[in-house]
Amino acid sequence: MPENLPSATGVIVLGPYRSGTSVTSQVLSALGVDFGPKRYFVPASHNNPGGFFERVDINKANELLLESAGQTMAFPGDPRELAQKADVRALDSADMSWRKPNHFWGVKDPRLCATLLTWIESGHMDRNHLRIVHVRRKLEPAVRSSMSFASVRDFCDGTETGVRKMLARYAELAQWHVDTLNVPTIAFDYEQLLKQPETVVRQLADFLGVTNPTQIRRATRIIGKGKGMVALQLERYLIRAPRRLYYLLTGRNKDGSRRDRE
């Protein structure tokens, strides 16, 4: 459904695949940005132990949008052409009802580098109540990271050349949105986040108006893959495993409905 929360502010995380948008989203979550119900989240993995903070329903909506305009994940086209030619009904498949007035809500999906303008012009997001967190990364490290990530390689031809072209194009599209939309934006390099986490997290906190020092320290401590791996293991053994056992013992599905028993 189109945007109907005029007092809710959206935080859009823009950046190509493997550019540091996931850890940035994790930091933003610790600073109070709500990325929606976790039942929609793409599960964390060994390659991304802190979590992707991407939503399956939003990813799918963006994919359908690109497909409706005859575009691909590797080369998603021009944002202005997408806004004109794509079937915006594809965006209705995403559940955006979780957004709350007077709260920051967030969306992170690299496809937004191409599709964000369509979300806005279709009325699904309000340009006047958006902020952009623009994450950049040097191209070659992002390419190397992507080559070890099958799901990213599969978006294009799987070659280094194909991945390089794809990531470079996504970076161009992200910058185009930043330059064109004229909404409040904070931009930083992923390398800076790793080297100076206290500085960058403090800047993000200021961008959101967060002043709680405990909250800021907690967000800063997120930086580092090892810490993400600890969080992943805790989630697996303290949350996922008991949840699976509960579903098994009660005969219920994840949505709360009961499974048919023979």
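The values are calculated or read from the model by the stated rules, or taken from the named source; none is laboratory data. This structure is a prediction, so every number in the text was calculated from the model and none was measured. Cβ sites come from the backbone with ideal geometry, for glycine too, and all protein chains shown count toward neighbours.
For the stretch 1-94, which fully contained helices (runs of 4 or more DSSP H) count at least 2 residues that are in contact with a strand residue (DSSP E or B) (Cβ under 7 Å, 6 or more places away or on another chain)?
Of the helices (runs of 4 or more DSSP H) lying wholly inside the stretch 1-94, those with at least 2 residues that are in contact with a strand residue (DSSP E or B) (Cβ under 7 Å, 6 or more places away or on another chain) span 21-30.
Looking at (1) over 20 Å from L204 (Cβ atoms); (2) surrounded by fewer than 23 Cβ atoms within 10 Å (Cβ to Cβ); (3) modelled with pLDDT of 95 or more, which one does F149 not meet, given that it meets all the others?
(3)
For the stretch 95-139, give me the residue count where each residue is assigned to a loop (DSSP other than H, G, I, E, B) and closer than 22 Å to V200 by Cβ.
Number of matching residues: 4.
Can you name the condition, by its number, that L130 falls short on among (1) under 19 Å from F52 (Cα atoms); (2) crowded, with 16+ Cβ neighbours inside 10 Å?
Status for L130: all satisfied but (1).
Inside the stretch 100-127, can you point out the residues that are more than 20 Å from A187 (Cβ to Cβ) and either surrounded by fewer than 16 Cβ atoms within 10 Å (Cβ to Cβ) or of a type in the set (G, A, S) (or both)?
Scanning the stretch 100-127 gives K100, P101, N102, H103, S122, G123.
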